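Engineer: Just dropping this structure here.
The values are calculated or read from the model by the stated rules, or taken from the named source; none is laboratory data. The structure presented is a predicted model; accordingly, all values stated were derived computationally and were not measured. So basically every Cβ, Gly included, is an ideal-geometry build from the backbone, and we count neighbours across all protein chains shown.
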Amino acid sequence: MILRADHSDKSFWLATYGPYTPNPPLAGDVKVDVAIIGGGFTGLSTAYNLRCDNPAMTVAVLESEVIGYGASGRNGGFSMTLFGMEPAVTKALFGQQRMIEAHRYMERAVDYVDALVREHDLQSEYWFPGFLRVATTPAYARRIQHDLELLTSMGIGGIEWIDAERLRGEVDSQAFLGAWWEPRCGLLNPARHVRELERLAQQFGVTVYERTPVTQITRGARFTLKTPGGTVTADKIVLATNAYSHLIPELRAKQHPVFTHMVVTEPLTPAQLASIGWKNRQGVEDARNLVHYFRLTADNRLAMGGSGITLAYGRKMDCDLSPRFFADLERDVVRLFPGLAGVRFTHRWGGPVSVAAQMAPAIGCLGDARAVYSLGCQGHGVSLTHLNGRTLADLICERKTDLTDVWFVNRRVLPYPPEPLCFALSKAVLAYLEAEDWLRERRTRSEAVR
Ligand SMILES: Cc1cc2nc3c(=O)[nH]c(=O)nc-3n(C[C@H](O)[C@H](O)[C@H](O)COP(=O)(O)OP(=O)(O)OC[C@H]3O[C@@H](n4cnc5c(N)ncnc54)[C@H](O)[C@@H]3O)c2cc1C
């Protein structure tokens, strides 16, 4: 890809959006009530909610590059209920009650995005087709069924197991043995959506500065944020920096970025579309630890992400491109859908997701209630970040609500060790996850599905 100053090379969605004219950078010194660092879904949702609640409050968003430069302009666009890694892992690490609470939060998050798009008529190429978590081996079928039984036993409904025959009536791949079917899932075009959120926030009176990296934060009676073009003085700040949070000294050890990668085909021909039979255009993931996620775009391309992840050593944030994982993904598209043999892939990209220890998100106050942060959304942050914006707005306004009471607000986040130990530990966890996938894929497909 050609590197472009507006970062449209960072994803298919950004490359096909436009033309886009960023807001000017900060030039001079300004004072605001709340400064938000980071112009992704989290920052913009927080900004919008703050102004909705407090029309007199001055709110500025400071984005180091352009709106949607981070994961928000590059993701798969699944607005879904999955939290952290998967329900069984959340239950094992945090207990049953917290797993239920997390799932309820995610259901609310998906509904929140849906309502926001509809209420403000956001032009996000959004539809609400539901979600299929497909099993591609008997071991994955058991894993999904176990998750489903767990949720059902806790009174969580709205998700069912569908068998191979019914599934192939929805998406036709010989590799699919059955699926988790969940109607509650939206799909959106992330670049369009994040810039629609920007438009909405600005319409509500938020000031957005792009190409405005915050290079230093000084805490006093007020906060002073240094940027190349001037300073911002703020009563309160929001660190909406997710996978970039380790670059902020106070958040350094709370999360680690890892990179996930995506590819997209050219628009499929009617014959190619007929061969995959994806008439209801659901979002699809498999049940691997190193998940594949795939969907159709509005112009009938097939986009697939996942397969492998790239660990970033130290502060490295330039691990977007992985020829190895791009090749794996392109092979996997054709392996799952042989009718697409010979299809051309037009865009390949990657982006950072934030992983906090224990694979769960974290929202919290930093030092005191005047500074709040959000991170650790993993690869399941599209819906989550929107509701987190609502939660962060409540925290900033020092309002106690059912959202601020949720267990991952002000949860204790185990710190990552410094390098090279951090990288070595991450490698070990990754090797474990890969080995589990290998074991689940080793078994033959003729094994009976319970
Ligand atoms: C390839 C990919 C696919 C994904 N697919 C899905 C999916 O289908 N469904 C799902 O639920 N989740 C998915 N995710 C995860 C999801 O995209 C993220 O959880 C979500 O977008 C995070 O939003 P955010 O606003 O918190 O962070 P970001 O969008 O990353 O925004 C953070 C922003 O902060 C800015 N910033 C950082 N430091 C500074 C600074 N010092 N000064 C100013 N600005 C700064 C960055 O430039 C960045 O724009 C995916 C992620 C990736 C990378």
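Engineer: Can you tell me which residue among VAL110, VAL117 is of a type in the set (Val, Ile, Thr), surrounded by 17 or more Cβ atoms within 10 Å (Cβ to Cβ) and closer than 30 Å to LEU321 by Cα?
Structural biologist: Values: VAL117 fails: closer than 30 Å to LEU321 by Cα.
Answer to the selection: VAL110.
Engineer: I want to confirm something. Restricting to the range 23-75 and keeping residues that are of a type in the set (D, E, K, R) and within 15 Å of the ligand (Cβ to nearest atom), which single residue is surrounded by the fewest Cβ atoms within 10 Å (Cβ to Cβ)?
Structural biologist: GLU65
Engineer: Can you tell me how many residues in the range 225-246 are surrounded by 16 or more Cβ atoms within 10 Å (Cβ to Cβ) and either more than 9 Å from the ligand (Cβ to nearest atom) or more than 22 Å from TYR48 (Cα to Cα) (or both)?
Structural biologist: 10
Engineer: Still on this structure, please answer the following. I want to confirm something. Restricting to the range 365-392 and keeping residues that are away from the ligand (no atom under 12 Å from the Cβ), modelled with pLDDT of 95 or more and not hydrophobic (A, V, I, L, M, F, W, C), which single residue is surrounded by the fewest Cβ atoms within 10 Å (Cβ to Cβ)?
Structural biologist: Looking at residues that are away from the ligand (no atom under 12 Å from the Cβ), modelled with pLDDT of 95 or more and not hydrophobic (A, V, I, L, M, F, W, C), I get ARG370.
Engineer: Right, GLY84: at pLDDT below 95, crowded, with 19+ Cβ neighbours inside 10 Å and within 24 Å of LEU239 (Cβ to Cβ) or not?
Structural biologist: On the way: at pLDDT below 95: yes; crowded, with 19+ Cβ neighbours inside 10 Å: yes; within 24 Å of LEU239 (Cβ to Cβ): yes.
When the stated conditions are applied, GLY84 passes them.
Engineer: Can you confirm whether the range 247-267 contains a residue that is part of a helix (DSSP H, G or I), more than 13 Å from the ligand (Cβ to nearest atom) and surrounded by fewer than 19 Cβ atoms within 10 Å (Cβ to Cβ)?
Structural biologist: no
Engineer: Can we say TYR293 is within 11 Å of the ligand (Cβ to nearest atom) and touching a residue at least 60 places away in the same chain (Cβ under 8 Å)?
Structural biologist: Yes: the conditions hold for TYR293.
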